[in-house]
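K.L.:
Here it is: the structure, laid out below.
The values are calculated or read from the model by the stated rules, or taken from the named source; none is laboratory data. Quick caveat, the model's predicted, so the values are computed rather than measured. Here the Cβ is made from the backbone with ideal geometry for all residues, glycine too, and neighbour counts use every protein chain on show. Protein only, heavy atoms only, side chains kept; ligands, DNA and RNA dropped before computing areas. Shrake-Rupley method; radii C 1.70, N 1.55, O 1.52, S 1.80 Å.
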Amino acid sequence: MSNPATPPAPRKNELQRKLGVWSATAVVIGSTIGSGIFRSPAGIADKLPGPLPMMAVWIAGGIFAMCGALTMAEVASALPRTGGLYVFCRDAWGDLAGFLFGWGQISMIRAASLGGIAITFSEYFFRVLGINPLAPENASTVHWTAAGAIALTGAFNYVGVRFAANVNNFTVIAKYGGLLFIIIVALALGLPHYGLSHFSPAIPPGSITLPAFGLALVSTLWAFDGWADLAYNAGEVKDPGRNLPRALIGGTLAVLGIYLAANLAYMAVLPIEEIRTSKLVAADVAQRVIGAGGVTFVAITVMISTFGTLNTVLFTSPRVFFAMADDGLFFRPVAKVHPKFGTPYVAITVVAALGMVFVLLLPFEKLADTFVTAFLPFYMLAVASVFKLRGTPGYNPTFRVPLYPVVPLLFIVSVLYLLGNAIVQESSRMSTLAVLGVLVAGIPVYYLTVGRRRNRPV
C-alpha cells in the first residue's frame, strides 16, 4: 500500500512538463464541452418540463462540478503526478483502490466515453456531407467512421504532447466560439421576438419531483464530465502548484458559464415542450432564428467539438494506465515512453484500441449511461481523499479548498444520492447494478493477479 505520509518516489519513466496555464485550461474546457450541451437538454427537459426546474438541474450540475474541481485543485497541487485520480485514490486508500480505478477505466469507463463521443462526431460528420446517419444502410459506416476518428486522434497524441495540445487549443477556441455565437444570436433574435413567454410559468404543475431531478442530474453530469481530466496530466503541467488549481477552477467556471447561457438561449427561442422533443436543440434553435444555414453551422460546431473532445480524452486518459504500469499495477510495457516523441505511446495505443472495439459493438445510449454510472464511485473516492491526506506529513498543497469540509462533503453526498436514486428507480436499477457489479468484480481480479504479488511476504 502507498503511504500518504511520504512523497512518492520519482517514476522510472517521467513525462516532460510542457503544458502552460492556457493549454492546461484548454484541456479542462476541451474534455468537458463535447456533445452533452447539444444532446442532453432534450432528455433533461423531458424529465423536468419547466424552465426553472431545468435551469435548477444545470446549476446543481455546475455546483457538483465546482465542488469536485475545488477539491481536486487542492489534492492535485499537493500530488502533481501523472495519473491524476488514480494517484489520489492509491495514495489515500491503498493499492486496491488504485487498481479498481484502473479496472473501471479499462473495463468500461474510458472506452465507453470514447465510443459515445466518437459516434456523435461521426453522425454529424455525415450530416455535414448531406448523408442521413440514421438510415439503416449507413449504420455500419457511421460506426467505422467513429472508429477511424479514434484512431486519428490517437495518432495525434502518439506523435507528441505539444502537437496534441495544439490540436486541442484550436478545437477549444472553435467549439467555445461556435457555442457562444449560437447563444448571442439566439438571445439577440429570440428575446425581442418571443419576450419572456417561454419562461412562464416558471414551474408548471408536476414539472419537478426529487426522483426525476436525480435522473436529470445524471444527464447534466454527462455534459459536465471532464472537469477532472487535467489531473491525469498533472505530471506534464509546468509549475503545477500554481497552474493546476488555476486551470481546474478557471476551466470549470468557463464551462459552467457557457452552459447556463446556452440553456437560457435555447429557452429564449423554443418553449420547453419543443425542447423536450428536440434531439439536437442547438440546431433547432439555429434553424428557427437563422434558417437552414444555421443547422449546417451547428452541425459543423458539434463535429469540431466532439473531435476536439476525442483528442483531449486520448491526451488525458492513457496517463492512468501509464502510471499504473509504472507502479506495477498493470502490464509493465504500458509504462514505456517513446524515445523520440516523449509520449506514453503504448498506453495511448491500448486506450485507442479499446475505444475502437467499444464503438463497433455498442450504441450511443449504452455507452453514455455506462460511463456516468461507472465513474461516480471513483469521483467520490478521489474527492474523499482530501480527508485522508490532510494533516499527513509531506502533504503540502499550494491551494486549499474553501469552506472545507463542506465543499467535499457536498460532492460526496451528491454522489451517494445519485447512485441510490438510480438503484431505487426501476428504469435504471438493473443497468446501475450491472455496472457496479463489474466494478466489484475487479476485487478478486486484483487479489488473483497483482495483489497476490504485492502482498507476498518478502
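Let's see how each residue does on (1) under 23 Å from PHE99 (Cα atoms); (2) part of a loop (DSSP other than H, G, I, E, B); (3) open to solvent by 40 Å² or more (accessible area, probe 1.4 Å):
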position: THR398; (1), (2), (3): no, yes, yes
position: VAL401; (1), (2), (3): no, yes, no
position: VAL407; (1), (2), (3): no, no, no
position: ILE423; (1), (2), (3): no, no, yes
position: LEU439; (1), (2), (3): yes, no, no
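K.L.:
Of all residues in segment 150-178 being among the β-branched types (Val, Ile, Thr) and either in a helix (DSSP H, G or I) or under 19 Å from VAL237 (Cβ atoms) (or both), which is most open to solvent (accessible area, probe 1.4 Å)?
P.N.:
ILE173
K.L.:
Return a yes/no flag: does segment 47-56 have any residue that is within 19 Å of the chain's Cα centre (by Cα) and either at positive phi or open to solvent by less than 10 Å² (accessible area, probe 1.4 Å) (or both).
P.N.:
no
K.L.:
A further question on this structure: Under 6 Å between Cβ atoms, which residue pairs at least 6 apart in sequence (or on different chains) link something in segment 271-297 that is among the aromatic types (Phe, Trp, Tyr) with a partner that is surrounded by 18 or more Cβ atoms within 10 Å (Cβ to Cβ)?
P.N.:
Note: no pairs meet the criteria.
K.L.:
Here's another thing I want to ask about it. Which condition number in (1) part of a helix (DSSP H, G or I); (2) without any contact (Cβ under 8 Å) to a residue 24 or more places away in the chain is the one that LEU217 fails?
P.N.:
(2)
K.L.:
Restricting the first residue to segment 84-99 and requiring it to be within 23 Å of PHE315 (Cβ to Cβ), which pairs with a second residue that is open to solvent by 10 Å² or more (accessible area, probe 1.4 Å) and of a type in the set (Asp, Glu) meet a Cβ separation below 8 Å and a spacing of at least six or different chains?
P.N.:
As it stands, the answer is ARG90/ASP327; GLY98/ASP327, since those pairs meet every condition given.
K.L.:
Here is a follow-up. Counting only residues that are of a type in the set (Lys, Arg) and within 25 Å of the chain's Cα centre (by Cα), which one in segment 267-307 is surrounded by the fewest Cβ atoms within 10 Å (Cβ to Cβ)?
P.N.:
Going through the qualifying residues, I end up with LYS279.
K.L.:
Check segment 220-233 and report whether any residue there is closer than 27 Å to LEU48 by Cβ and of a type in the set (Ser, Thr, Tyr).
P.N.:
Among the residues of segment 220-233, at least one is closer than 27 Å to LEU48 by Cβ and of a type in the set (Ser, Thr, Tyr), which makes the answer yes.
K.L.:
Another one. Going by what's in this entry, would PRO344 be described as modelled with pLDDT of 85 or more, in contact with a Leu (Cβ under 9 Å, 6 or more places away or on another chain) and open to solvent by 10 Å² or more (accessible area, probe 1.4 Å)?
P.N.:
Values: modelled with pLDDT of 85 or more: yes; in contact with a Leu (Cβ under 9 Å, 6 or more places away or on another chain): yes; open to solvent by 10 Å² or more (accessible area, probe 1.4 Å): no.
For PRO344, the condition - modelled with pLDDT of 85 or more, in contact with a Leu (Cβ under 9 Å, 6 or more places away or on another chain) and open to solvent by 10 Å² or more (accessible area, probe 1.4 Å) - is not met.
K.L.:
Is one or more of the residues making up segment 213-227 in contact with a Pro (Cβ under 6 Å, 6 or more places away or on another chain), open to solvent by less than 10 Å² (accessible area, probe 1.4 Å) and not small (Gly, Ala, Ser)?
P.N.:
There is no residue in segment 213-227 that is in contact with a Pro (Cβ under 6 Å, 6 or more places away or on another chain), open to solvent by less than 10 Å² (accessible area, probe 1.4 Å) and not small (Gly, Ala, Ser).
K.L.:
Looking at LEU264, LEU310, LEU329 in this structure, which one is among the hydrophobic types (A, V, I, L, M, F, W, C), closer than 20 Å to PHE224 by Cβ and open to solvent by less than 50 Å² (accessible area, probe 1.4 Å)?
P.N.:
Answer to the selection: LEU310.
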